[in-house]
Amino acid sequence: MRKKDSDCPIYVTRPLLPDRKEYYKKVNEVFDSGFLTNQGAQLQQFEKALREFLHVTHVMAFCNGTLALQLACKALDLKGEVITTPFTFPATTHAISWNGLTPVFCDIEPDTFNINPDKIEALITDNTSAILPVHVFGNPCRVYEINQIAKKHNLKVIYDAAHAFGVEINGQPIGSFGDISMFSFHATKSFNTLEGGALTFNDAALADKLFYLKNFGIKSETEVVSIGTNAKMNELQAAFGLLVLDKINEEIQKRKELTKQYRERLKNIPGLRCLHDIEGVKHNYQYFPIIIDETKAGFSRNDIYEELKKYKVYSRKYFYPLASQVTCYRELTSASKGGLPVAERITQSILCLPLYGELPIPVVARIAEIIISLSGRPILKGRVSKDY
Ligand SMILES: *Cc1c(COP(=O)(O)O)cnc(C)c1O
C-alpha cells in the first residue's frame, strides 16, 4: 500500500503505471504463450500501436533508449565527428563515443536550451558526418534549419527525442524529422515500458539493418549478416507499454493543467523565468524547468533546490553538469569553457520542479509558496555570483 500523499517525499517524477489487474492478465498471456522475448506477440502488437500513436512510417522497439541511439549511429555508418549539444543527459554523448566517433559540442539557445542552428556550420569540418541534436524537455529543435544545414553539407541527422514522446510541430509528428529519432521509455519518462526505447525513421532500408544490429546480426538460423548486439525489448516490457499507451493522453492532459498552475503561481517573481508553449507545437509537458537569474532574484537555483529539500521536495538540476564537463569529455576542444557561454549559464541557473499526472494541485501550490517565500529575502551582496 502507498502511504498517504502527505507523508510521501515528492520526487521530480513518478512513473505512469498500468492498471495492475490488466497487467496481470497480460502477464498470464505471456506465460501461456511460452514466448518471453524475440519478437513475440506482445512486441509485434506494441510496435504497431506505437506506429499509430506516433504517426510515423517505421518504429522499432529496443531494450532501452541509449542502446537504440548507439545503434542508430551504427546503422547510418557515421564516421569521424558528430555535432551535438552539451545540454543533455550523458547518454547522448556516450552513444556517439561508443561508436568510436568524436562528439563536437555546439552551444544552445537561451529560450529552448536546444542546439543553436546558427552555431552549427562553424563547427562543420571534412570529418563531420552527422548532427545529433536533442529535443530538450520535449521542446522541438529548429528542425527546418537543421535539415537545411544537413542537406547543404551532406550530413545525417539523428534526433535524441528521449523527452519528446507525442510532440508535434504544425501537425507533423516529432519522430518524422531527421534520418532517425530515438525515444526513451525509461521509468522516468512520461511514457514508459519500465526500461525501453524506440527508433523511428522513414527509410525502409534501415529496418533490416537495425533489426540485425539489435539481434546479434542474425538474419536466419544459419546466417549472421552483420555485427550486432543484444538490444531487444522483451514481452513483459512490450505488454506494459501497450497498457501505458492507453493512459498517456490523459497523463499529458493532467501535466498540462499542472504546468498551467505552476506558470500562473510563479509568474510575478523577479528573476524567475518559466518556459511557455510555442505556437504550432503540441507539447507533452515532460518536465517543468525554471530559470533563475540570481542577480535579479536575490536567490539562486541552488537556494531553491536546498529550500525545497527541507520540505522533502526533491527537484533536479537537469542538466548539471553539462555533458561537455564530465571527465571523459571535458578535454575535448569543443568542450572548453568559454566556447559554450549559453549552456554554461543555463546549467548554473536551471531547476526542474516535480511534474507528473498524479501530483496534487495543492502540492504545486505549496512548492510555489516555498519558492515565493525565498524572494522575500533581502539581496545580500556576497551571494550574487559574479559570472552571471
Ligand atoms: C533518458 C534519456 C536518454 C537515455 O534513455 P534510456 O532509455 O534511459 O537509455 C537519452 N537521452 C536523453 C536526453 C534522456 O533524457
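The table below gives the values:
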{"read-out": "Neighbour-count order for 246, 179, 293, fewest beta carbons within 10 angstrom listed first", "value": "246, 293, 179"}
{"read-out": "P(r), alpha carbons of the range 78-172 - 10 Å bins starting at zero, rounded %", "value": "17, 53, 28, 2"}
{"read-out": "Charge-dipole axis of the chain as Lys and Arg at +1 and Asp and Glu at -1 on Cβ define it, positive-most pick from 162, 252, 198", "value": "252"}
{"read-out": "Residue-by-residue Karplus 3J(HN,Hα) for the range 248-254, coefficients 6.51, -1.76, 1.60, Hz, glycine and proline x", "value": "5, 5, 5, 4, 5, 4, 5"}
{"read-out": "Listed residue pairs exceeding 26 Å between alpha carbons, taken from 267/309; 119/256; 156/247; 309/337; 151/256", "value": "119/256; 156/247; 309/337; 151/256"}
{"read-out": "Under the Karplus curve 6.51 cos²θ - 1.76 cosθ + 1.60, θ = phi - 60°, whole-Hz ³J(HN,Hα) for the range 268-284, x wherever Gly or Pro sits", "value": "10, 9, x, x, 10, 10, 9, 7, 10, 5, 9, 4, x, 9, 8, 8, 10"}
{"read-out": "Cα-based shape type of the range 246-386, given that a ≥ b ≥ c are square roots of the gyration tensor eigenvalues and the cut on a/c is 1.5", "value": "oblate"}
{"read-out": "Likely footprinting exposure, 27, 167, fewest C-beta neighbours within 10 Å first", "value": "27, 167"}
{"read-out": "Residue among 86, 376, 144 farthest towards the positive dipole end of the chain, charges placed on Cβ", "value": "376"}
{"read-out": "Per-pair calculated FRET efficiency, R0 = 30 Å: residue 152 and residue 281 via Cβ, rounded to 0.05", "value": "0.75"}
{"read-out": "The chain - charge dipole about Cα centre, Lys and Arg +1 at Cβ, Asp and Glu -1, debye rounded to 20", "value": "1280"}
{"read-out": "Within the chain, helix-based [θ] at 222 nm, where runs of 4 or more DSSP H residues each add -39,500 (n - 2.57), nearest 500", "value": "-10500 deg cm²/dmol"}
{"read-out": "Debye, to nearest 20: dipole size of the range 219-326, +1 on Lys, Arg Cβ, -1 on Asp, Glu Cβ", "value": "480"}
{"read-out": "Charge-dipole axis of the range 297-350 as Lys and Arg at +1 and Asp and Glu at -1 on Cβ define it, positive-most pick from 322, 304, 339", "value": "304"}
{"read-out": "For the range 152-235: rounded, prolate or oblate by the Cα gyration tensor [a/c cutoff 1.5]", "value": "oblate"}
{"read-out": "Sorted by Cβ density within 10 Å, fewest first, the residues 186, 153", "value": "153, 186"}
{"read-out": "Stokes-Einstein translational diffusion, the chain - Kirkwood Rh over all Cα pairs, 1.002 mPa s, 20 °C, in µm²/s", "value": "98"}
{"read-out": "Inter-part distance where the range 16-88 and the range 201-231 are each reduced to a Cα centre, Å", "value": "15"}
{"read-out": "Alpha-carbon centroid distance for the pair the range 249-273 / the range 295-315, whole angstrom", "value": "18"}
{"read-out": "Given charges at beta-carbon only (K, R positive; D, E negative), |dipole| of the range 29-151 in Debye", "value": "200"}
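Every read-out reported here was derived from the displayed coordinates using simple, explicitly stated rules and does not represent laboratory data. Quick caveat, the model's predicted, so the values are computed rather than measured. Neighbour counts run over all protein chains shown; Cβ positions are idealised from the backbone, glycine included.
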